[in-house]
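Working notes, beginning with the structure itself.
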Amino acid sequence: MNKLLRYGCCGMMLVLVMVSCRSTRKLSRSYYPHFTHLPHFPDQASQQRYLDSLFFATEINKQQGNFTWALFNLFVFLAYRPQDAAAHFEISRLFVQLQQPERALYYAEKAARLDTNNVWYQISYADLLVMNKRYDSAAAVFAGLYQHYPQHTEYLYNQAVLLSQSRFHREDSALKIFDTLEKIKGLQEEYVYQKQRIFLEQHKITAAAAEVRKLIAEYPDEPRYYRLLAQIFDQQQMHDSAIAVWQALLQRYPDYPQGLIAMALQFRRQGDTASFYRYMARAFANPDLDIEDKLEFLYPFLQYVEIDAAQLQVALRLSRMVIAAHPDDSRAYALYGDIWLHAGQWNPPAWSDSAAYAYRQAIALDTAEISWWQRLLRLYAMQQQTDSLYRLSHEVLSRFPGMPDGYYYCGMAQVWKHAESAAADTLQQALFLAKQDAELKTQILSLLGTVYFDLQQYSRSDSCFEAALILAPDNDLILNNYSYYLAERGEHLQKALQMIQKAVHLQPDNYSYEDTYAWVLYKLKAYQAALQWMQKALAHPEAQQSPGYWVHYGDILFSLHRIDDAISSWKMAVEKGDTSLILQQKIKYRTLNPDAQ
């Protein structure tokens, strides 16, 4: 039993039954408990000591996070003091901690009604009304507070804000209160902001603009107000009015960077590219414009550069401006590399215009920033630059020995170097370090599955693929690879079929997956269906350049007794680069199994 309950209880047990009863007002359910066998005390002093201990224990329970016990103690207290405002207030706060705002509201209201002079109870009640989205009722509470304490204009301000959020459309009442506040306190930015917001919601653009113009007239040297006014016009597609505002600002502050960018964007919207670059160059050259602001402006371009050559050129040119303005900041070069990387143009004619160069520059300026190394590793992997990836991964391992990416990419390079045994050890270390990084673990397991397949350690290969699919059951690449390896071994072909069917469904029109589908069907001796999928794969021009697809096609044709067509397909594989001895023998002896000759 809680030690609190032993205090003054003479060992008697408290029995608590929680009962639900409805409030007479349309609030939330109240949950006053019903107790039986409450302790009796010989005098008021003993009872008071017991009640004091309940409050003390409540504080201890709250500090320990035992909110349920804290509530229990307070409800016991209320059984003796049902009209105690402080207990109701504390119960309300506990229900807030338990994320039960409706119950918290009931007890907050009780506290506010039991002690109308306690400002904190009233404010807490209003806050919970807001939490329960009862904005009108909350506004009424603040109206009452302002009547009692007219020197606190913040209560009047809160009333106005809440009325503006009312579902009963009390915006005009709110506007009148803000006008009253202006008469009392004078022109204030927060009042103007609230009024222009209301006017915009009412689609009264002229009135909203007039409010901001009052601020500009009062504070003509404050650029933020020009910016706010221009944004109002831009949001309403009133671009000419916005330009006029920015021009007025730039007459006072010719190098104000946000104004220059805004003007540049207006010119770009009009198709005036030369003026766009001229204004952007002035803005980006301004030291008052932080590099974070420039990066924030440019990074959204990344989603377009791959599909829009014009956007790529704009992004590159602006990025060069950032480098010129911040030649010693690694982030400027990393942005330049990101643009090339996202555009998929990794090897421009000039080395100094490449993603690799940009990332190398970023690393030279900040060797401690792991993300620059990770991006360069990813770039070399995407380019399949085996030697560069191998050297860089070892450099990363020496600098960041606990970084799993270094081991992962090192293992990848070792695979490409046909050092599968070493790759398996490296990738196991990567897997150990990846820990909670599910995405990286999936990639490592998938690559390990391939490595163990090449090492003919098939049970390990299957285990890796199975573990990867647990982490990413809809990863079409893993489904395809696992299916293909099972087909190559001629094992678990029904499972292989199910996986490649899922992969093709997830990624239709992928010729590599179509080839795998055809190969699984071939292994199942469903030759006619295999032929259809192989022809579908070879309908892709890219697939026609791969000798392996022509070998598969020839094998399928041969199994359908189309010997001459099979020989032609095998010869096409040779033409595309397959120099294997077994293929030459298949052509020479016109057979699938030259070893049997």
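The values are calculated or read from the model by the stated rules, or taken from the named source; none is laboratory data. A quick note: this is a predicted structure, and the numbers were derived from the prediction, not measured. Counting neighbours? That spans all protein chains shown, and the Cβs are built from the backbone with ideal geometry, glycine included.
Some observations on this one:
- The helices (runs of 4 or more DSSP H) falling completely within region 289-335 that include 2 or more residues that are exposed (fewer than 15 other Cβ atoms within 10 Å of the Cβ) and of a type in the set (Asp, Glu) map to 291-298.
- Output for region 176-206, where each listed residue is more than 18 Å from Ala217 (Cβ to Cβ) and in contact (Cβ under 8 Å) with a residue 24 or more places away in the chain: Thr180, Leu181, Ile184, Gln194, Arg197, Ile198, Leu200, Glu201, Gln202, Ile205
- Tyr106 being assigned to a helix (DSSP H, G or I), of a type in the set (Ser, Thr, Tyr), more than 20 Å from Arg170 (Cα to Cα) and more than 34 Å from the chain's Cα centre (by Cα): yes
- Just one of the listed residues (Ala112, Ala86, Ala108) is surrounded by fewer than 20 Cβ atoms within 10 Å (Cβ to Cβ), small (Gly, Ala, Ser) and at pLDDT 90 or above, namely Ala86.
- Residue within region 468-485 that is in contact with a His (Cβ under 8 Å, 6 or more places away or on another chain), of a type in the set (Phe, Trp, Tyr) and surrounded by 15 or more Cβ atoms within 10 Å (Cβ to Cβ) present: no
- Contact annotation: residue pairs with Cβ atoms under 7 Å, 6 or more positions apart or on different chains, pairing a residue in region 280-301 that is in contact (Cβ under 8 Å) with a residue 12 or more places away in the chain with a partner that is basic (Lys, Arg), are Phe284/Lys294; Ile291/Arg331; Leu295/Arg331.
- Of all residues in region 37-54, those that are of a type in the set (A, V, I, L, M, F, W, C) and either assigned to a loop (DSSP other than H, G, I, E, B) or surrounded by fewer than 16 Cβ atoms within 10 Å (Cβ to Cβ) (or both) total 3.
- Within region 446-461, the only residue that satisfies the criterion of being farther than 13 Å from Ile478 by Cβ and among the small types (Gly, Ala, Ser) is Ser459.
- The residues in region 509-532 that are at pLDDT 95 or above and surrounded by fewer than 23 Cβ atoms within 10 Å (Cβ to Cβ) can be counted, and the count is 13.
Here's the yes/no breakdown for (1) surrounded by 19 or more Cβ atoms within 10 Å (Cβ to Cβ); (2) within 25 Å of Arg224 (Cα to Cα):
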| residue | (1), (2) |
| --- | --- |
| Asn118 | no, no |
| Asn132 | no, no |
| Asp136 | no, no |
| Gln151 | no, no |
| Ser164 | yes, yes |
| Lys183 | no, yes |
| Tyr193 | no, yes |
| Ile205 | no, yes |
| Ala210 | no, yes |
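- Positions within region 486-508 being charged (D, E, K, R) and either buried (at least 24 other Cβ atoms within 10 Å of the Cβ) or part of a helix (DSSP H, G or I) (or both), in sequence order: Glu488, Arg489, Lys495, Lys502
- Only one of Phe89, Phe77, Phe95, Phe72 that is closer than 26 Å to Leu128 by Cβ, touching a strand residue (DSSP E or B) at 6+ places or on another chain (Cβ under 8 Å), assigned to a helix (DSSP H, G or I) and not basic (Lys, Arg): Phe72
- Checking region 513-535 against the condition returns a match, with at least one residue being free of Cβ contacts under 8 Å to residues at least 24 places away in the same chain and of a type in the set (Gly, Ala, Ser).
- Check on Ile198, surrounded by fewer than 14 Cβ atoms within 10 Å (Cβ to Cβ) and in contact with a Ser or Thr (Cβ under 9 Å, 6 or more places away or on another chain): no
- Across region 519-567, the number of residues qualifying as in a helix (DSSP H, G or I), of a type in the set (Ser, Thr, Tyr) and either under 20 Å from Tyr485 (Cα atoms) or not assigned by the TED database to the domain that holds Ile587 (or both) comes to 4.
- Checking Leu289 against (1) at pLDDT 90 or above; (2) aliphatic (A, V, I, L, M); (3) not assigned by the TED database to the domain that holds Leu447, the condition it does not meet: (1)
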